[in-house]
Amino acid sequence: MNRKTVASIAAASILAGAMSLTVLSGCGGESSAPANTVNSADDLVGKSIGVQLGTTGAVVAEDVEGATVEKYNKGVDAVQALKQGKIDAVIIDQEPAKVFVEKNSDLKIVEEDYAVEDYAIAVAKGNEALRDEINGALKTLKDNGTLDQISKNWIGDEAGSTPYESPADAKHDKGKLVMATNAEFPPYESMEGDKVVGYDADMMQAVCDTLGYELSIENMAFDSVITAVQSGKADVGVAGLSVTPDREKNVLFTDSYATSHQVIIVRNS
């Protein structure tokens, strides 16, 4: 897989998810926002909470006593609403939260994890063969350090230092494997030009290199990913998907390839 310079890829992925937020300061969004009143999970009671449709954040927010849950198609839209004072907080995955906060000095993350979740790959019910095949590849990639390399390249202080490159001798003669995703979730997936980049894209490329598939990525709304796998439009769903009982009614899940946390984003003041 041809890549641009390491630094430009990581920077582009982060900026793509946060660029629209940084321009709000000239639109009156920050100055008109009310003072923050959420400093812990307990403070969410009775508040207005922004979430992305279909995510774990949307599920846990519904359990907050007296809360009004505002659902958005994109996480970035929820964060924009927070900046403008339309909602009191956003519940979202930790790594995207870090991206948004890094690019917006008027936001912060409440210093407590809200929920812990494992990410896995969704496969159609009845396709145990593909699930088991991918599990075998994930084990190989964990054992040989490739998954650690990919994680290091997208997450943490050394982001951009260890880009994944397909092995020169990798064969892709077993046909095409279609991955459904939602490229609004940096650093796991975002757009760089017309290409989906990020942790999940590299992870699935490594899986396909190991198994001999040609990877094709289809970008779509987050709440369409599971449906795409169910209908056969996609072979796998990879979009920072956590394993939940409701999702397990509709698809199979592979072994976990990453662990994340739900966190709360609020305004600084």
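The values are calculated or read from the model by the stated rules, or taken from the named source; none is laboratory data. Note that the structure is a prediction, hence the values are computed from the model and not measured. Here the Cβ is made from the backbone with ideal geometry for all residues, glycine too, and neighbour counts use every protein chain on show. The accessibility values were calculated without ligands, DNA or RNA, using every heavy atom of the protein model including side chains. Shrake-Rupley method; radii C 1.70, N 1.55, O 1.52, S 1.80 Å.
Summed over the range 205-227, the residues that are farther than 15 Å from F185 by Cα and assigned to a strand (DSSP E or B) give a count of 3. Cβ-Cβ distances below 7 Å connect the following pairs, each with a first residue in the range 44-67 that is without any contact (Cβ under 8 Å) to a residue 12 or more places away in the chain, a second residue that is surrounded by fewer than 24 Cβ atoms within 10 Å (Cβ to Cβ), and a separation of six or more residues or different chains: E62/V69. Within the range 77-85, is even one residue in a helix (DSSP H, G or I) and at pLDDT below 95? Within the range 77-85, none of the residues are in a helix (DSSP H, G or I) and at pLDDT below 95. Looking across the range 183-203, just one residue is hydroxyl-bearing (S, T, Y) and assigned to a helix (DSSP H, G or I), and that is Y199. For the range 228-249, how many residues are in a loop (DSSP other than H, G, I, E, B) and among the hydroxyl-bearing types (S, T, Y)? Count: 1. Close contacts from the range 168-182, counting a first residue that is more than 11 Å from Q205 (Cα to Cα) and a second that is among the β-branched types (V, I, T) and part of a loop (DSSP other than H, G, I, E, B), with Cβ to Cβ under 6 Å and a gap of 6+ residues or different chains, come to T181/V238. Of all the residues in the range 77-94, those that are surrounded by fewer than 23 Cβ atoms within 10 Å (Cβ to Cβ) and under 24 Å from S151 (Cβ atoms) number 1. Looking at N104, N127, N36, just one residue is open to solvent by 30 Å² or more (accessible area, probe 1.4 Å) and either of a type in the set (S, T, N, Q) or in contact with a His (Cβ under 6 Å, 6 or more places away or on another chain) (or both), and that residue is N127. Count of the range 152-191 residues, restricted to those that are touching a helix residue (DSSP H, G or I) at 6+ places or on another chain (Cβ under 8 Å) and more than 15 Å from V99 (Cα to Cα), is 14.
Conditions (1) touching a helix residue (DSSP H, G or I) at 6+ places or on another chain (Cβ under 9 Å); (2) open to solvent by less than 10 Å² (accessible area, probe 1.4 Å); (3) touching a residue at least 24 places away in the same chain (Cβ under 8 Å), marked per residue:
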position: A206; (1), (2), (3): yes, yes, yes
position: T210; (1), (2), (3): yes, no, yes
position: I217; (1), (2), (3): yes, no, yes
position: A221; (1), (2), (3): no, no, yes
position: V225; (1), (2), (3): no, yes, yes
position: A228; (1), (2), (3): no, yes, yes
position: D235; (1), (2), (3): yes, no, yes
position: A239; (1), (2), (3): yes, yes, yes
position: P245; (1), (2), (3): no, no, no
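Against the numbered list (1) crowded, with 16+ Cβ neighbours inside 10 Å; (2) more than 20 Å from C208 (Cβ to Cβ); (3) not polar (S, T, N, Q), L147 comes up short only at (2). Residues of the range 111-124 that are open to solvent by 10 Å² or more (accessible area, probe 1.4 Å) and farther than 12 Å from Y257 by Cα: E111, E112, D113, Y114, A115, V116, A124. The residues of the range 160-179 that are surrounded by fewer than 24 Cβ atoms within 10 Å (Cβ to Cβ) and in a strand (DSSP E or B), listed by number, are K176, L177, V178.
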